[in-house]
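Below: the structure, in structure tokens.
The values are calculated or read from the model by the stated rules, or taken from the named source; none is laboratory data. All values reported here derive from a predicted model rather than from experimental measurement. We place every Cβ from the backbone using ideal geometry, glycine too, and count neighbours over all the protein chains shown.
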């Protein structure tokens, strides 16, 4: 039977931003409810080794998220396994409806639904995700020291990732379906001058090639867009850099968005265009997209929500 609950703070999303908001809101005695969403733990659950989380020289992404969830629970955050399918921000209290049929009303909402890397949709790409196929150079580039890798894409994301990966790789091949990049000119200039980067124009990724034991990438098959000719390029890693899509389905018609769909917040805060609604993590961050910055914003969102609620009671 459908249930209706009320909370002072509803947190939607369960990555580093959501769980950190849960810790801080609980410590502020706001008795938050956190709804995990379609991917409990967020993007880090699809990452293996994480080496840039302060305090852990190396930690498995899924393990880190299990610890964060346990921390939020220990502080008193109520964590619900559900997916919010409808969010009414037109009046307070705000109303969220779950896929389960349950409804939650809230005095304040913290959105932490994250972003998802855009993928090409190839079966071989899916098969080797986390085993040589990645969408995050800053997360995984370190593992390819002295090896040859390829980057797929032609915008700022692709060029920035290719340049970053030269810190580790012996060679970076940038594969793009056209013969010119969409990236900013300063980035294009740096790429063209870099001795480790070799662009491959007019090609698309056809297949990721690899071994099963141990599982890993050994190369890619690419197709010339005009001739259809297939070429195999040996490599140890494939970085798909065709952009990220913030998960704004719930709020795209009610909150102010910017930079291609990210939720806009007032500078220096997590306040959105609707009073009482706060946004944290990759949902609003088109620039850094790191676990540690997302966690920091989750803290900010909880503190912002606490202050805002206190002002409403005055």
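Worth pointing out:
- Flag for residue 258 being modelled with pLDDT under 95 and under 28 Å from residue 132 (Cα atoms): no
- Between 141, 130, the distinction of being surrounded by fewer than 18 Cβ atoms within 10 Å (Cβ to Cβ) and at pLDDT below 95 belongs to 130 only.
- Where strands (runs of 3 or more DSSP E) sit wholly within region 165-268, those with at least 2 residues that are touching a residue at least 60 places away in the same chain (Cβ under 8 Å) and out of contact with any helix residue (DSSP H, G or I) (no Cβ under 9 Å at 6 or more places or on another chain) occupy 215-224, 230-234.
- Scope region 260-286; condition within 30 Å of residue 121 (Cβ to Cβ) and either surrounded by 22 or more Cβ atoms within 10 Å (Cβ to Cβ) or within 15 Å of the chain's Cα centre (by Cα) (or both); matching residues: 260, 261, 262, 263, 279, 280, 281, 282, 283, 284, 285, 286
- From the options 140, 82, residue that is in the same structural domain as residue 221 (by TED's automatic domain parsing) and not in a strand (DSSP E or B): 140
- Matching residues in region 286-307 - criterion: being over 12 Å from residue 269 (Cα atoms) and either touching a strand residue (DSSP E or B) at 6+ places or on another chain (Cβ under 6 Å) or touching a residue at least 40 places away in the same chain (Cβ under 8 Å) (or both): 286, 289, 290, 291, 292, 294, 295, 306
- Matching residues, region 14-54, being more than 30 Å from residue 128 (Cβ to Cβ), outside any helix (DSSP H, G or I) and either without any contact (Cβ under 8 Å) to a residue 60 or more places away in the chain or more than 20 Å from the chain's Cα centre (by Cα) (or both): 28, 29, 30, 31, 32, 33, 34
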